[in-house]
Amino acid sequence: MKPFDERMDALRTRFITRARTEIAALREAHRQHDEPAMRKIAHSLAGNAGLFGWPDLSARARELEDALVQPASQDEVESRLEAVMAEMPR
């Protein structure tokens, strides 16, 4: 494996660990009804997931962010949050 590929694999592994932490923070922000925190986390997750090769996770996080920016029902926000969690790499 080339040094670049090894470095990207290490970064992807770090991303997965961080993404799990961000998902936990996203859930807590949701429980606290802290929409600004949810938007910030969803935005970060969307960008980083796309960068590290998880386009579906990126898309679901972006959809959650959009639902938080636009007037959306609580059910829609919860549905999009569940979709983000479902796309988390194992």
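Do you know which residues across the stretch 58-90 are among the acidic types (Asp, Glu) and either touching a strand residue (DSSP E or B) at 6+ places or on another chain (Cβ under 8 Å) or touching a residue at least 12 places away in the same chain (Cβ under 8 Å) (or both)? Within the stretch 58-90, Glu63, Glu65, Glu78, Glu87 qualify. On the basis of being at pLDDT below 95, farther than 15 Å from Ala67 by Cβ and of a type in the set (Asp, Glu), does Glu28 make the cut? Considered against the rule, which asks whether it is at pLDDT below 95, farther than 15 Å from Ala67 by Cβ and of a type in the set (Asp, Glu), Glu28 comes out as no. Which members of the stretch 51-72 meet the condition of being part of a helix (DSSP H, G or I), within 14 Å of Ala19 (Cα to Cα) and modelled with pLDDT under 95? Matches in the stretch 51-72: Leu51 only. Among the residues of the stretch 45-80, those that are crowded, with 19+ Cβ neighbours inside 10 Å and among the aliphatic types (A, V, I, L, M) comprise Leu45, Ala46, Ala49, Leu57, Ala61, Leu64, Ala67, Leu68. Find all pairs meeting these conditions: Cβ atoms under 9 angstrom apart; at least six residues apart or on different chains; first residue within the stretch 33-45 and without any contact (Cβ under 8 Å) to a residue 12 or more places away in the chain; second residue buried (at least 16 other Cβ atoms within 10 Å of the Cβ) and among the β-branched types (Val, Ile, Thr). Sorted first by the residue in the stretch 33-45, then by its partner, the list stays empty. Just one of the listed residues (Ala42, Ala37, Ala83) is crowded, with 21+ Cβ neighbours inside 10 Å, aliphatic (A, V, I, L, M) and assigned to a helix (DSSP H, G or I), and it is Ala42.
Can you confirm whether Leu11 is surrounded by 16 or more Cβ atoms within 10 Å (Cβ to Cβ) and out of contact with any Asp or Glu (no Cβ under 7 Å at 6 or more places or on another chain)?
No.
The values are calculated or read from the model by the stated rules, or taken from the named source; none is laboratory data. None of the values given here were measured: they were computed from a predicted structure. In this analysis, Cβ positions are derived from the backbone assuming ideal geometry, glycine residues included, and neighbour counts consider all displayed protein chains.
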